[in-house]
C-alpha cells in the first residue's frame, strides 16, 4: 500500500477579498464635536451613496465608503470614500 500525502485544508485555502459598502451617519455632540454613529452596511456603492444622502437630512452629515478585505484574517485595504454629505469631520479617513 502506497501512502498518499495528507493535504491540509489550510494549504489550499484561497480567500477572495470581500468588498463592504458602508454608510457612516455623522452627529454633532452637545460639545459641538462631530462623531460617527455605527456604520450601516449597504448592498452596493450606489445604495450607500443614496442612504448617506438621505441620512444627512436628519443628521449633521453622512459618509459613504467602500472597503475590501478578508474577514477571516481581519486584513482590509484602505477605505475608499464614495461621497460626503453635510458636515463631516476633517479626519473622516481615520473613522472609515
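Data for the structure
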| item | result |
| --- | --- |
| Residue check, residue 50 modelled with pLDDT of 95 or more and under 13 Å from the mean Cα position of the chain (by Cα) | no |
| Test: residue in the stretch 62-82 that is farther than 14 Å from residue 20 by Cβ, modelled with pLDDT of 95 or more, over 11 Å from the mean Cα position of the chain (by Cα) and surrounded by fewer than 16 Cβ atoms within 10 Å (Cβ to Cβ) | no |
| Residues being over 11 Å from residue 68 (Cβ atoms) and surrounded by fewer than 19 Cβ atoms within 10 Å (Cβ to Cβ) - total across the stretch 15-33 | 8 |
| Residue in the stretch 1-28 that is farthest from the chain's Cα centre (by Cα), counting only those that are over 21 Å from residue 74 (Cα atoms) and modelled with pLDDT under 95 | 1 |
| Matching residues, the stretch 57-96, being assigned to a strand (DSSP E or B) and in contact with a helix residue (DSSP H, G or I) (Cβ under 8 Å, 6 or more places away or on another chain) | 62, 63, 64, 65, 66, 81, 82, 83, 84, 85 |
| Residue match in the stretch 30-47 (condition: over 12 Å from the mean Cα position of the chain (by Cα), in contact (Cβ under 8 Å) with a residue 24 or more places away in the chain, more than 15 Å from residue 91 (Cα to Cα) and not in a strand (DSSP E or B)) | yes |
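The values are calculated or read from the model by the stated rules, or taken from the named source; none is laboratory data. As the structure is a prediction and not an experimental result, all values here were calculated from the model. All Cβ positions, even for glycine, are placed from backbone atoms using ideal geometry, and neighbour counts span all protein chains on display.
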